[in-house]
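The values are calculated or read from the model by the stated rules, or taken from the named source; none is laboratory data. Note that the structure is a prediction, hence the values are computed from the model and not measured. Cβ placement follows ideal geometry from the backbone for every residue including glycine, while neighbour counts extend to all protein chains displayed.
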Amino acid sequence: MSQGPTGYRPGGLTALAVLNFIFGGLGVIVLLIAFLGLSVLQAAANHAGVTGTAPVLTFIYIALLLSTIQVILLITSGVGYLGQKRFTGKTLGSVYGILGIVGSIVGYLGFRQFDISSIIGLIYPVLTLILLNTVFKDDFPNP
């Protein structure tokens, strides 16, 4: 395993990268299923002649766009953590954390429920923001 430019990469930062890859991979699978399900629902609605679904579909598309961006940020920042890169690691990881929190809020506003999945969806982005900006803040050398 390669080390960052400082010659040392903390084990916690490596663990954070691994978690990013796991959650990013799961996110890719969920997105593929969601896009497939959405296309099936659209086809069924069109076949049944259902109208007035535009507001619901707009919300779903926004949620899928946010999720797609989150997955890309997770995987990209995971690579940045491994290489201890300030922009691809710390900056994009922090952007993921903020977007993850915003995504959870948008999900709550759209579905009006706050349950265990909402809590889980908030924990990792908040944890990422805290760790990147406290524990690991000095592990990303200046460019």
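Run down LYS90, LYS85 and say which single residue is of a type in the set (D, E, K, R) and within 15 Å of the chain's Cα centre (by Cα).
Numbers: LYS85 fails: within 15 Å of the chain's Cα centre (by Cα).
Only one candidate qualifies: LYS90.
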Quiz item: Just to be sure, is LEU132 out of contact with any Ser or Thr (no Cβ under 6 Å at 6 or more places or on another chain), under 23 Å from GLY12 (Cα atoms) and part of a helix (DSSP H, G or I)?
Solution: no
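Take the conditions closer than 25 Å to THR128 by Cβ, among the aliphatic types (A, V, I, L, M) and surrounded by 11 or more Cβ atoms within 10 Å (Cβ to Cβ) and apply them to VAL30. Does it pass? Break it down stepwise before answering.
Numbers: closer than 25 Å to THR128 by Cβ: yes; among the aliphatic types (A, V, I, L, M): yes; surrounded by 11 or more Cβ atoms within 10 Å (Cβ to Cβ): yes.
In short, yes.
Go through the residues of the range 50-61 one by one and say whether even a single one is among the small types (Gly, Ala, Ser) and at pLDDT below 90. Give the derivation first.
In the first step, residues of the range 50-61 are kept if they are among the small types (Gly, Ala, Ser); the result is 52, 54.
Narrowing further to those that are at pLDDT below 90: 52, 54.
Yes - at least one qualifying residue is present in the range 50-61.
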Quiz item: Pairs under 8 Å by beta carbon, first residue closer than 18 Å to VAL106 by Cα in the range 43-59, partner modelled with pLDDT under 75 and of a type outside the set (Phe, Trp, Tyr), six or more apart or different chains?
Solution: PHE59/GLY110
Quiz item: Conditions: (1) at pLDDT below 95; (2) more than 14 Å from the chain's Cα centre (by Cα); (3) surrounded by fewer than 18 Cβ atoms within 10 Å (Cβ to Cβ). ILE101 meets all but one. Number of the miss?
Solution: (2)
